[in-house]
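The values are calculated or read from the model by the stated rules, or taken from the named source; none is laboratory data. Keep in mind that this is a model prediction, so the values were computed, not measured. Backbone-built Cβ (ideal geometry, glycine too); neighbour counts: all protein chains shown.
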Amino acid sequence: MIRLYNTLTRKKEPFVPIKEGKIGIYACGPTVYDYFHIGNARVFIMFDVLRRYLAYRGYDVTFVQNYTDVDDKMINKAAKMGITVDELAEKFIRAYEEDATALGILPADHHPRASQHVPEIIELIQKLMNQKMAYEIKGDVYFNVEAFPGYGKLSHQDLEELMLGARVEIDERKKHPMDFALWKKEKPGEPSWDSPWGRGRPGWHIECSAMSMHYLEGMLDIHAGGQDLIFPHHENEIAQSEGATAQPFFRYWMHVGFLNIDQEKMSKSLGNILTVRQLRKTIDPLAIRYFMLSAQYRTPINFSDEYLEQASKALERLNSTVYNVKERLENVAEGSPDEEEGALLDLIESSRENFKKAMDDDFNTAEAIAVLFEFTRQVNIYLNRPQGQKKNILKPVQGFYREINDIFGIIKDRHRTDLQKDIEGLIAEREEARSHKDWATADAIREQLKEQGIILEDTPQGVRWKIAAKDSEETT
Ligand code: AMP
Ligand code: ZN
């Protein structure tokens, strides 16, 4: 049984989808006016792992993540760059796709854009108008928060408390200071559409209500985003959706904790951002992914180069083990398992159970990774044992790594062709030196490879190489 923490009830609850066997997930995606930063990346990675895990658990998952492409930030940036809002969106959607792919994030089933769903948005606003939950003032349309008694139920505050906590722009025309825009009257030079209230554009919150209902009809199971979206974005989504349909909107609300830098939230407005685009130049993007998974998604994480470096090293060790298993598989035969091997086969089963237990408990990726590393520690011991290894043991070990990696997506499916070529070139040079009894050169090459973590073994069949598996202590 999967249990997840629901922001709406502030409890860990058993997860039961509306339609048996099917799950709908809607995650609020990026505003595509710039490269995304690693705070955003935490959210995107987390929900990528969530949907993969739910699929692994046998559910038919429909995952929707929008691109916000109509928004003040978009309009301002496009004006600054002297391009249209559409061109700006194209540029940064492309950039998102590239960076997300590098982070091992799979494309969503749908990536809707607000600009492509204006008719559905207008229809929803019209419903709210019909029910007197929204009102128009000179081409602007506002949601009337006082008309929706449940306002504040997600952030667990009433209107008064919310007023104290939020910076509310005083707008004399609004019935209540917390009323928010559903439709904004056209301004010169801004993208706009025809509507019953004149030309204009949708406000931000309404797009997610309209698009999630459009793509996930009858399966509004999980709605997700970063913690900063609880209020006002998700609170407003609930109000306008339930106000319009008189039906409960999403059942489970999941929010990812902040990624902080020096104890402050990473955000563009604070000017302390690091984009994935920048980081990718110097670090393996899968190390960023690994770094995010090493904490449970609700705990805040502090980012530093040092932590990222540690993540990178840990991941490298995991990759070496997986690579060594693959390499060894090509050189060993089948045989009946001895006691130690029987224990390793049992460990696969128990590790799978422990992995599921950790993930079923509100997607505790930190625990799940610990399970993977304990498993890896035992695999390294097996790889290093003098009696040798067997194919029928290494095969299920490899299978288990692949199974986990279908969810975590951190292990490189590397072909290593370039690396292989370099290493094989050096081995050939060393053989050449040895044939001339030039031991100094031969030893120097062995040392050079060793520094790169490559160990040479002179066997009767010739020279073999492997990536140094670190000893067990270092693997955790
Ligand atoms: P935005 O493009 O600003 O709308 O953000 C996209 C997603 O990233 C949203 O789900 C935000 O809640 C989330 N987000 C933004 N900054 C951070 C941060 N520092 N840590 C975690 N999540 C964040
Ligand atoms: Zn949203």
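Of note:
- Residues of the stretch 371-389 satisfying the condition of being assigned to a helix (DSSP H, G or I) and either touching a residue at least 24 places away in the same chain (Cβ under 8 Å) or among the polar types (S, T, N, Q) (or both): LEU372, PHE373, GLU374, PHE375, THR376, ARG377, GLN378, VAL379, ASN380, ILE381, TYR382, LEU383
- Qualifying position, being in the same structural domain as ASP194 (by TED's automatic domain parsing) and either closer than 22 Å to LYS281 by Cα or surrounded by 17 or more Cβ atoms within 10 Å (Cβ to Cβ) (or both), among ASP69, ASP86, ASP60, ASP109: ASP69
Per-residue answers, yes or no, for (1) modelled with pLDDT of 95 or more; (2) in the same structural domain as VAL85 (by TED's automatic domain parsing); (3) aromatic (Phe, Trp, Tyr); (4) in contact with a Cys (Cβ under 8 Å, 6 or more places away or on another chain):
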{"residue": "ARG173", "(1), (2), (3), (4)": "no, yes, no, no"}
{"residue": "LYS185", "(1), (2), (3), (4)": "yes, yes, no, no"}
{"residue": "TRP193", "(1), (2), (3), (4)": "yes, yes, yes, no"}
{"residue": "PRO196", "(1), (2), (3), (4)": "yes, yes, no, no"}
{"residue": "ARG199", "(1), (2), (3), (4)": "yes, yes, no, no"}
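- Single match in TRP197, TRP193 (criterion: more than 16 Å from ligand 1 (Cβ to nearest atom), farther than 27 Å from ASP109 by Cβ and of a type in the set (A, V, I, L, M, F, W, C)): TRP197
- Scan of the stretch 8-45 for residues that are charged (D, E, K, R) and away from ligand 1 (no atom under 11 Å from the Cβ), ordered by number: ARG10, LYS11, LYS12, GLU13, LYS19, GLU20, LYS22
- Criterion violated by ASP221 - all others in (1) within 16 Å of PRO17 (Cβ to Cβ); (2) within 16 Å of ligand 1 (Cβ to nearest atom); (3) surrounded by fewer than 24 Cβ atoms within 10 Å (Cβ to Cβ) satisfied: (2)
- Checking the stretch 52-60 against the condition returns a match, with at least one residue being under 13 Å from the mean Cα position of the chain (by Cα), more than 16 Å from ligand 2 (Cβ to nearest atom) and under 20 Å from ASP109 (Cβ atoms).
- Just so you know, in the stretch 46-68 the residues that are farther than 24 Å from VAL16 by Cβ and among the hydroxyl-bearing types (Ser, Thr, Tyr) include one that is farthest from ligand 1 (Cβ to nearest atom), and it is TYR67.
- Options TYR297, TYR252; residue that is away from ligand 2 (no atom under 16 Å from the Cβ) and either over 30 Å from MET129 (Cα atoms) or surrounded by 17 or more Cβ atoms within 10 Å (Cβ to Cβ) (or both): TYR297
Okay, residues lined up against (1) farther than 18 Å from VAL276 by Cβ; (2) exposed (fewer than 14 other Cβ atoms within 10 Å of the Cβ); (3) not aliphatic (A, V, I, L, M):
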| position | (1), (2), (3) |
| --- | --- |
| LYS73 | yes, no, yes |
| ALA78 | yes, no, no |
| ARG94 | no, yes, yes |
| VAL118 | yes, no, no |
| ILE122 | yes, no, no |
| ASN130 | yes, yes, yes |
| ALA134 | yes, no, no |
| ASP140 | yes, no, yes |
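- Conditions (1) of a type in the set (A, V, I, L, M, F, W, C); (2) more than 10 Å from ligand 1 (Cβ to nearest atom); (3) under 17 Å from TYR297 (Cα atoms); number of the one not met by ALA100: (3)
- Residues located in the stretch 302-320, provided they are buried (at least 20 other Cβ atoms within 10 Å of the Cβ) and not in a helix (DSSP H, G or I): PHE303
- Within the stretch 230-249, if we keep just the residues that are within 13 Å of ligand 2 (Cβ to nearest atom) and surrounded by fewer than 22 Cβ atoms within 10 Å (Cβ to Cβ), the residue that is nearest to GLU123 (Cα to Cα) turns out to be HIS233.
- Complete set of residues in the stretch 355-402 that are within 30 Å of LYS11 (Cα to Cα) and in contact with a Lys or Arg (Cβ under 7 Å, 6 or more places away or on another chain): ASP360, ASP361, ASP362
- For the stretch 255-283, the candidate set comprises residues that are among the hydroxyl-bearing types (Ser, Thr, Tyr) and within 14 Å of ligand 1 (Cβ to nearest atom); within that set, the residue that is farthest from LEU128 (Cα to Cα) is THR275.
- Of the residues making up the stretch 196-214, those that are within 23 Å of the chain's Cα centre (by Cα) and within 12 Å of ligand 2 (Cβ to nearest atom) are TRP204, HIS205, GLU207, CYS208, SER209, MET211, SER212.
- So GLU217, is it charged (D, E, K, R) and in contact with a Leu (Cβ under 7 Å, 6 or more places away or on another chain): no
- Of all the criteria given as (1) out of contact with any helix residue (DSSP H, G or I) (no Cβ under 7 Å at 6 or more places or on another chain); (2) farther than 20 Å from LEU50 by Cα; (3) within 16 Å of ligand 1 (Cβ to nearest atom); (4) β-branched (Val, Ile, Thr), the one not satisfied by THR245 is (3).
- Single residue of the stretch 1-60 satisfying the filter (assigned to a helix (DSSP H, G or I) and of a type in the set (Gly, Ala, Ser)) that is farthest from ILE288 (Cα to Cα): ALA55
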